[in-house]
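Values quoted throughout were computed directly from the atomic coordinates according to the rules given, and no laboratory measurement underlies them. All values derive from a computational prediction rather than experimental measurement. Cβ atoms come from the backbone with ideal geometry, glycine included; neighbour counts cover every protein chain shown.
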Amino acid sequence: MEKCDFGLIGLAVMGQNLVLNMNDNGFKVAVYNRTVTKVDEFITGNAKGTEIVGTHTIEELVGVLKSPRRIMLLVKAGAPVDDFIELLLPYLEEGDIIIDGGNSNYNDTIRRTSYVESKGLLYIGTGVSGGEEGARFGPSIMPGGSPEAWSHVKDIFQAVSAKVDDDVPCCDWVGKDGAGHYVKMTHNGIEYGDMQLICEAYDLMKNILGMNNQEMHETFTEWNDGKLDSYLIEITRDILGYQDEDGEYVIDKILDTAGQKGTGKWTAISSLDMGIPLTLITEAVLSRFLSALKADRVEASKVLSGSAYTFDGDKMAFVKDIHDALYASKIISYTQGYMLMRSAAAEYNWDLNYGGIALMWRGGCIIRSAFLGKIKEAFDKDGELNNLLLDDYFKSEVDTAQSGWRRVIATAVEAGIPVPAMSSALAFYDGYRRERLPANLLQAQRDYFGAHTYERTDKPRGEFFHTNWTGTGGDVTSSTYNA
Ligand code: NBP
């Protein structure tokens, strides 16, 4: 038998679809799964009539592959990835490549890259985004790991990935060790933010303006033809218009408790570790936590009062304001996401290509949108752009949207409708554009109670002062550090 080009372990939804995609693109793939019966089910089921080869042991899988062997794991993130690495190692040879295509934590990928390299092999940790449909017809693929491995997987990864502008692949090398999984994690965090913003827009339309599902379906249809054109707006349009056999809207029957698998939380944790004010994504994660407290909320709703506000303004004008609030907040979310990646790149010594990342997210993945094309343009204009808000295009877009954005936040507060993502985005914007914040008082407080010292506006940075505020403290100061 002619040897196979690629091996894949993990025949759940992502693995099966990615393998079928590889087969369509002319690659011969061998597959294996922990529960071995699923191999035969796949070969005689979804893979019937393809060139895909089923194998029943790790040894058999390794034996049917060309050298250097390229084996991707698409299994549950966490211990299963370490377990499969251990199972593979005895059979692999120098230069073979283990690829983890699951949603692994970037810290694990940093550790695994160094471990696998220490065995003479190469390692790739890659984000694969786009869910079932993406895996089948073209995902966004974000690989990082051992740089020497890239030339061995580039052909197959770029062939199966999504394409934009006719033939530009949504896949390129991200960077060493955990860079690919870090960028995928940030993508997922941004996805949490985008989804929360859309939910807030829905809440405002439904509960301030009293719009019905059909009206909201039409509004999202219109929005999807404009600047908000994106996969998530498109599916929201379809969800709002979807009726079951009885003609009832399914959206109204879905329990309001959000699930999560952890990548949004990792993004927020990383931002806290880096000291980056990633407020919008973090609020999106916290909003999911709040939604999950369903029983508590039901009890509280019987006891706690809100606002008696009723909207009596121009409904259509307010829908336009909601659009602008969503759009401006989205700009803030991506600004913060890019700030985080910039900080991580410095921390982990990654040479990230920010425009290239926007391009990889342009197609195939859940946050794909026209908007990412504008981010790519911003980095094409200025590869060293320090902050997206300072790009001429985004600056002027926020300028145009901000009056509507402010009206939405003010109205939401009056009406008692929570808009944590939109309002935290505005608070960030108003803080970021301020030359002077009230942190002078904060530093005085820290110095007052803990002798933490402060810098002065009339002295050079880096000189620290202490005031004996009460007249009873001494001159001893605390050591200075920044968390
Ligand atoms: P799952 O995340 O549900 O994983 C299923 C696979 O993991 C099966 O092959 C299963 O083997 C194997 N597995 C499990 Br579960 N526990 C194992 C263990 N202890 N040891 C060895 N193997 C084990 O599948 P998925 O939804 O296709 O996702 C695959 C990866 O891709 C995950 O990391 C996921 O986070 C990521 N991802 C998923 C999506 C999506 O939309 N679903 C999108 C992007 C990325 P078995 O058949 O023997 O139980």
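Structure notes:
- Entries in Lys330/Lys374; Lys206/Lys253; Lys227/Lys381; Lys76/Lys265; Lys163/Lys395 that, when Cα-Cα distance is taken, lie over 24 Å: Lys163/Lys395
- Net charge dipole size for segment 1-88 [Lys, Arg +1 and Asp, Glu -1 on Cβ; Debye, nearest 20]: 140 debye
- Sum of -39500 (n - 2.57) over DSSP H runs of 4+, divided by residues of the chain (222 nm, nearest 500): -17000 deg cm²/dmol
- Which of Tyr348, Leu11, Met22, positive extreme of dipole for the chain (C-beta unit charges): Tyr348
- If you plug the beta carbon distance of Asp83 and Thr257 into 1/(1 + (r/R0)^6) with R0 = 30 Å, you get a FRET efficiency near 0.40.
- Each residue of segment 101-107 was assigned a 3J(HN,Hα) from its phi angle through the Karplus curve 6.51 cos²θ - 1.76 cosθ + 1.60 (θ = phi - 60°); the sequence is x, x, 8, 7, 5, 4, 5 Hz, with glycine and proline shown as x.
- For segment 309-323, putting each phi into the Karplus relation 6.51 cos²θ - 1.76 cosθ + 1.60 with θ = phi - 60° gives couplings of 4, 10, 7, 10, x, 8, 4, 5, 5, 6, 4, 5, 4, 4, 4 Hz, in residue order, rounded to whole numbers and with x for Gly and Pro.
- When the Cα positions of Ala162, Tyr123, Ser151 are compared along the charge dipole of segment 97-172, Tyr123 comes out farthest toward the positive end, with charges on each C-beta of Lys, Arg, Asp and Glu.
- Length released on extending from Thr50 to Thr310, taking residue separation times 0.36 nm less the Cα-Cα span: 87.5 nm
- Those GluC sites (Glu not before Pro) in segment 75-120 that DSSP places in a loop and that have at most 16 other beta carbons within 10 Å: Glu93, Glu94
- Assuming charge only on the beta carbon of Lys and Arg (+1) and of Asp and Glu (-1), the dipole of segment 20-150 about its Cα centre is about 160 debye to the nearest 20.
- Separation in nanometres of the label points that stand 7 Å from Cα toward Cβ, at Asn440 and Asp165: 4.8 nm
- Distant-in-sequence amide H partners of Val53 (H built 1.01 Å from N, under 5 Å): Val29, Ala30, Val31
- Taking all Cα pairs closer than 8 Å and separated by 6 or more residues, the relative contact order of the chain comes to 12 percent.
- A DSSP coil position with no more than 16 other Cβ atoms inside 10 Å describes the following trypsin sites (Lys or Arg not before Pro) in segment 369-445: Arg433, Arg434, Arg436.
- Taking the centroid of alpha carbons for each part, segment 319-343 and segment 32-106 are 39 Å apart.
- Contour excess over end-to-end distance, with Cα ends at Ala370 and Glu93 and 0.36 nm allotted per residue: 95.3 nm
- Cβ-based charge dipole, segment 293-435, positive-most Cα from Leu385, Gly373, Val319: Val319
- Evaluating 6.51 cos²θ - 1.76 cosθ + 1.60 at θ = phi - 60° for every residue in segment 280-287, the Karplus couplings come out as 5, 5, 4, 4, 5, 5, 5, 5 Hz, glycine and proline recorded as x.
- FRET efficiency for the pair Glu218 and Arg111, taken as 1/(1 + (r/R0)^6) with r the Cβ-Cβ distance and R0 = 56 Å, rounds to 0.65.
- Inter-probe distance in nm under a simple model that places probes 7 Å from Cα toward Cβ, at Thr400 and Glu455: 3.8 nm
- FRET efficiency, Tyr432 to Ile269 (Cβ-Cβ, R0 22 Å, nearest 0.05): 0.50
- Packing-based ranking of 447-457, 50-60, 306-316 yields 50-60, 447-457, 306-316, ordered from highest to lowest mean Cβ neighbour count within 10 Å.
- About its Cα centre, the chain has a charge dipole of approximately 860 debye under the convention of +1 per Lys or Arg Cβ and -1 per Asp or Glu Cβ, with nothing else charged.
- Estimated inter-spin distance, Glu299 and Thr470, nm [label 7 Å along Cα→Cβ]: 4.1 nm
- Amide H contacts for Leu65 (H built 1.01 Å from N in the peptide plane; partners 5 or more residues away or on another chain; cut-off under 5 Å): Cys4.
- Candidates per GluC sites (Glu not before Pro) in segment 193-253, loop by DSSP, up to 15 other Cβ within 10 Å: Glu245, Glu248
- Seen against the Cα atoms of the chain and their longest principal axis, helix 371-381 is set at about 90 degrees.
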